[in-house]
Every structure is written in structure tokens, then in C-alpha cells.
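Asker: Sending over a structure as C-alpha cells; questions will come in a sec.
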Amino acid sequence: MHNEIEILMSMVFDGEATPAEAAQVRAHLTTCAACSESWQRWQVLDTCLASAPPLIPPPDFVASVMARLGERRRRRSRSRWFGSGMVLASALVLVGFWLIVAALLWWGHQHPLEVGIALSSGAQFLSSLTWILRGLGTLFGSVDGVVLKLGAGFGLSLTFALVLLWFWVMSRSPGWVRMPAPMH
Amino acid sequence: MDNQELLWLEQARRGDQLAFGKLVQAYQRPVYNLAYRMLGNAAEAEDAAQETFVRMYTKLHTYQSDRKLSSWVLSIASHYCIDRLRRRRFNWLSLDEEPVAAVLPSGGRGPEERALCRETRDEVQSLVDRLAPGYRAPLILRYWHDLSYAEIAQVMGLSVQAVKSRLHRARLQLADARVQSGATLVMTAAGAR
Ligand SMILES: [Zn+2]
């Protein structure tokens, strides 16, 4: 009962009670000391809240918003350029990788099975990288752009490093790569 | 919503910066007030209010004209402020544990008025600051934006029933906090003598 009345009391303060509900509250207050005390405390609170004056935004507020908007737009277009550059570079690296593999096959330096394994593990690496990035993106929400860029940069440098390492190993010890028996 | 604002909105959607500036001009006060009451200080309020308008700009195409523009803008602002408060990871509901920082009421007010509402402007804010974000927003929209339950429900994406009960609980908590801070004030005043 007191709880119901309390909710009605709150509605009276908010101007949301019907006249009948307001009358019900008034009737209860004359008989109940506890609710009557709450009513008085809430009345003071109501005065306090209602007397707090509205605040004025700083005079340069509109200009600051427009400046922030401009900055955001510049940053977005920069990151779009950066993103497309990244995609282009990754595509080039991928195409280059395939070309190297094709050339090796052509010259008969590598067993076709080994090339197949290298290709499939390369694809595996790329797809798992995508999943990691997607996961990071959902984890960090608003900073996913940054995470994606860092991730893509990392993936790209790792690919470059691996290709370089591979060339280095090849040049140092040609015997390390098993020469296939000539196919007839 | 008046036709002028609708026109600005249309122009802003087509990339007209000046028109968007007019909308910012028109809504800066309610948004800044909401942010200030939610976050409790001027620096954060200004930052949050600016961010609200940046978000509004990026969401212009999602606005549906069957909704009041003011309600849409306040909705963006209140959700942003609530997120921001939740990131602070403060234990909002510990109302009966730590007392409100004791601040002596400033002079210049008559005893009658003080008996009615002892709190200074800052103290009212420090009371509001103690409410959990989800309870704070309806109270602010009710007292400083004069919104009805139905309007608050629309801004916050709640049912009218939920708004009603949150305002009720906010009152209970604030009244308790006032009594406690009142006790602190009396003790501080006695100790100072
Ligand atoms: Zn009662």
C-alpha cells in the first residue's frame, strides 16, 4: 500500500497523476505519518532541483562543433586513402607471391606438392588474420579502424619479412630446397 | 518541429555546413544542459555536447521525420552521456556508504529559503552526480527539460512504466542522500566552531 502510494506521490510531483490519484494521495497522507514524512522530504528535493538554474554553453560552442566536424572529416578521408593504399599493397604482395611460386614451378625448382602446401598455408594465414581482425574490431568498437590498420600493417610486414627470409635461405643454401628428380 | 528546422535538416543532409551550424545553434542549450547535469562539470559537458552534434551529423540520414527533432537530439546526447558515465566504473548505488563531500552552504540566502532547500547550486549537482546513469537521465529530462513521462520514454527508449519507476527510485535515493549530506553539514559546521 505505502509503495503504491509512493509511486503515485512521485507521479503527483511529475504532474502525471490524474485528479483521482492525487486525491487518493492526499487522503493517505492525512492518515500515514511515514508517507507524510516522505512527502515533505520530496517536496524540499523538488524545490532544490527546480531552483537549479539552466546552464549556458560557452559562446564559441557552435564554432567548436564545426571545427571538430571538419577535423573528423579530414581524418576520415586520410584513413580512406591509407586503407585503399593498404589494400592495393596487399594485393600486389599476393600477386607477387603467386608469380614467384608460378615461376619456381615453371623452372622446376620445387616439387608441385610443396608449392601446394605453401599456397594453402598462405591462404590459411590470411584467413585467420581476417578473423583475428574482425574479432578485435568487435571487441574495441570505436577504435576498430586503428586496430585494423595496425593489424593490416603487421600482416603486410610479416609477409614481406617471410618472403625476404625465404629468398635469403634460398640464396645461402640452395641445397636446403630439395631439387625434384627431373620429371619424364 | 518548425519548418525552418526541417529545411536546415534537409540542407545539412545534402552536406550544407552552414545549415548544420544553424541546427547546432538551435539545440546547443538543451544538449549542453543535459550533458552538464549528466556529467557534472563544464569541461566534460562541453566535450560531450560537441561529440553529440558530431554523432548527430553522421546519423542525419537515419533521422525519421515522424519523430520530434529535439527528442532525437536529446536521445543521442543521453545515450552518449550514459555510455561515458558507465566507462567511469564508479559504484553509483553506494548511496548509504560514503557521505557527500561536505560543502558549507554559501551565504546570501534568507533563512526561510534555506529551510526549504539548503543546497547551493553545486550541492544540487553533487546530489544528482550520485545517481546511477540510468536513473540520472530521466530525472534531468524531467526537471531541466520539462519532458513528460511519454517524452522521456521516447528519448531513452524505455517504457512509460520504466520511466515512472526510475523517477520514483531516483527520488527515494536523492532524499536519502540529502538527509545524509545534511547530517554531514551540521557536523562540519559544529566542528568548525
Ligand atoms: Zn503510507
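Asker: Find the residue count for region A:45-84, including only residues that are of a type in the set (K, R) and within 9 Å of chain B (Cβ to nearest Cβ).
Answerer: Going residue by residue through region A:45-84, those that are of a type in the set (K, R) are A:68, A:72-76, A:78, A:80.
Pick out the ones that are also within 9 Å of chain B (Cβ to nearest Cβ) and you get A:68, A:72.
Qualifying residue count, region A:45-84: 2.
Asker: Shifting gears a bit: Being within 22 Å of the chain's Cα centre (by Cα), open to solvent by 20 Å² or more (accessible area, probe 1.4 Å) and under 20 Å from B:A153 (Cβ atoms) narrows it down to one of B:R37, B:R67, so name that one.
Answerer: B:R67
Asker: For region A:15-29, how many residues are outside any helix (DSSP H, G or I) and in contact with a helix residue (DSSP H, G or I) (Cβ under 6 Å, 6 or more places away or on another chain)?
Answerer: 2
Asker: Which of the residues spanning region A:40-62 are at pLDDT 95 or above and either within 16 Å of the ligand (Cβ to nearest atom) or in a helix (DSSP H, G or I) (or both)?
Answerer: A:F61, A:V62
Asker: When you scan region B:10-18, do you find a residue that is out of contact with any Lys or Arg (no Cβ under 9 Å at 6 or more places or on another chain), open to solvent by 50 Å² or more (accessible area, probe 1.4 Å) and in contact (Cβ under 8 Å) with a residue 40 or more places away in the chain, even just one?
Answerer: yes
Asker: Further question: Filter region A:30-39 down to the residues that are within 9 Å of the ligand (Cβ to nearest atom) and assigned to a helix (DSSP H, G or I), then identify the one that is nearest to the other protein chains (Cβ to nearest Cβ).
Answerer: Our first condition is that a residue be within 9 Å of the ligand (Cβ to nearest atom); within region A:30-39, this holds for A:31-36, A:38.
Applying the additional criterion that residues be assigned to a helix (DSSP H, G or I) yields A:31, A:33-36, A:38.
Working: A:T31: 21, A:A33: 16, A:A34: 13, A:C35: 12, A:S36: 13, A:S38: 7 Å.
Filtering first and then ranking leaves A:S38.
Asker: For region A:1-24, enumerate the residues that are surrounded by 15 or more Cβ atoms within 10 Å (Cβ to Cβ) and within 10 Å of the ligand (Cβ to nearest atom).
Answerer: A:I5, A:E6, A:M9
The values are calculated or read from the model by the stated rules, or taken from the named source; none is laboratory data. Given the structure is predicted, the values throughout are model-derived calculations rather than measurements. Heads up, the Cβs are rebuilt from the backbone with ideal geometry, glycines too, and the neighbour counts pull from every protein chain shown. Accessible surface is based on the protein model in full, side chains and every heavy atom, while ligands, DNA and RNA are left aside. Shrake-Rupley method; radii C 1.70, N 1.55, O 1.52, S 1.80 Å.
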